[in-house]
Amino acid sequence: MANMLGRAWWEEERRTTKKYLASRHLLELATKHPAHISLRPTVINIPSVKTNALNYLGINKVDLNSTELRKIIKASYRKQAKIHHPDLGGHAPTFRKLYKAYQELLCWVEDPRFIHRRGFANKWFYDGENKKWVQPIPIHD
C-alpha cells in the first residue's frame with residue numbers, strides 16, 4: 001500500500017508540479033478508501049551494543065539474538081586471543097582492546113539493552129505523531 005500511495009503522490013506532483021496539491025490528493029484518496037487493516041508500523045527491537053566490540057571479536061549482530069550467545073562470545077574470544085595474545089607474538093594494546101570488548105559483551109549479555117523503534121522494513125514512512133519522515137529499517141538475514 002505504501003508503494004501505491006507513493007506512486008499516486010508522484011503522479012499527482014508531476015501532473016500539477018505542486019507538492020501541496022499532491023499531498024492534498026493523497027489525503028483525499030485516503031479518506032475515500034480507508035484501509036481495512038492497520039498500517040501502523042511495527043515496533044522493532046535493535047540491540048544497542050557497540051559495534052567495535054563485535055568487530056574485535058568477529059561476531060555478527062544477528063548472533064546477538066542467539067540463545068547461546070555467551071558460548072559464542074567465549075569461543076570467539078578464545079579464537080581471537082590465540083592470535084593477539086602477547087605471549088604468542090601479538091601486540092599488547094590490541095589484546096587489551098580485545099579483552100575490553102569481551103568484558104563489555106559479557107556485561108551486555110547480563111543486562112541487554114535495545115533500541116525500540118517503529119518502522120517498516122525497507123520502506124520510508126511519515127510519522128504523524130512526530131511530524132517527520134522515518135528511514136526504513138534494514139532487514140538482516
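Data table
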read-out: Criterion violated by F125 - all others in (1) hydrophobic (A, V, I, L, M, F, W, C); (2) within 13 Å of T42 (Cα to Cα); (3) within 11 Å of the chain's Cα centre (by Cα) satisfied; value: (3)
read-out: Close pairs (9 angstrom Cβ cut-off, 6 or more residues apart or separate chains): over 30 Å from E129 (Cβ atoms) in region 105-119, assigned to a loop (DSSP other than H, G, I, E, B) and modelled with pLDDT of 85 or more anywhere; value: L105/I59
read-out: Residue count, region 51-86 (criterion: among the charged types (D, E, K, R) and within 13 Å of L98 (Cα to Cα)); value: 4
read-out: Sole residue being exposed (fewer than 15 other Cβ atoms within 10 Å of the Cβ), in contact (Cβ under 8 Å) with a residue 24 or more places away in the chain and of a type outside the set (D, E, K, R), chosen from N65, N52, N130, N122; value: N52
read-out: Top-ranked residue in region 84-108 [being at pLDDT 90 or above and among the aliphatic types (A, V, I, L, M); ranked as surrounded by the most Cβ atoms within 10 Å (Cβ to Cβ)]; value: L105
read-out: Residue list for region 3-51, filter: under 30 Å from W108 (Cα atoms), at pLDDT below 80 and either in a loop (DSSP other than H, G, I, E, B) or among the hydroxyl-bearing types (S, T, Y) (or both); value: P41, T42
read-out: Counted residues, region 52-77 - those being small (G, A, S) and not in a helix (DSSP H, G or I); value: 2
read-out: The lone exception for H116 - which of (1) closer than 30 Å to E12 by Cβ; (2) at pLDDT below 80 it fails; value: (1)
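The rows are residues; the columns are (1) part of a helix (DSSP H, G or I); (2) outside the structural domain of G58 (by TED's automatic domain parsing); (3) out of contact with any helix residue (DSSP H, G or I) (no Cβ under 9 Å at 6 or more places or on another chain); (4) on the phi > 0 side of the Ramachandran plot.
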| site | (1), (2), (3), (4) |
| --- | --- |
| K79 | yes, no, no, no |
| D87 | yes, no, yes, no |
| F95 | yes, no, no, no |
| L98 | yes, no, no, no |
| A101 | yes, no, no, no |
| L105 | yes, no, no, no |
| V109 | yes, no, no, no |
| Y126 | no, yes, yes, no |
| E129 | no, yes, yes, no |
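The values are calculated or read from the model by the stated rules, or taken from the named source; none is laboratory data. As the structure is a prediction and not an experimental result, all values here were calculated from the model. All Cβ positions, even for glycine, are placed from backbone atoms using ideal geometry, and neighbour counts span all protein chains on display.
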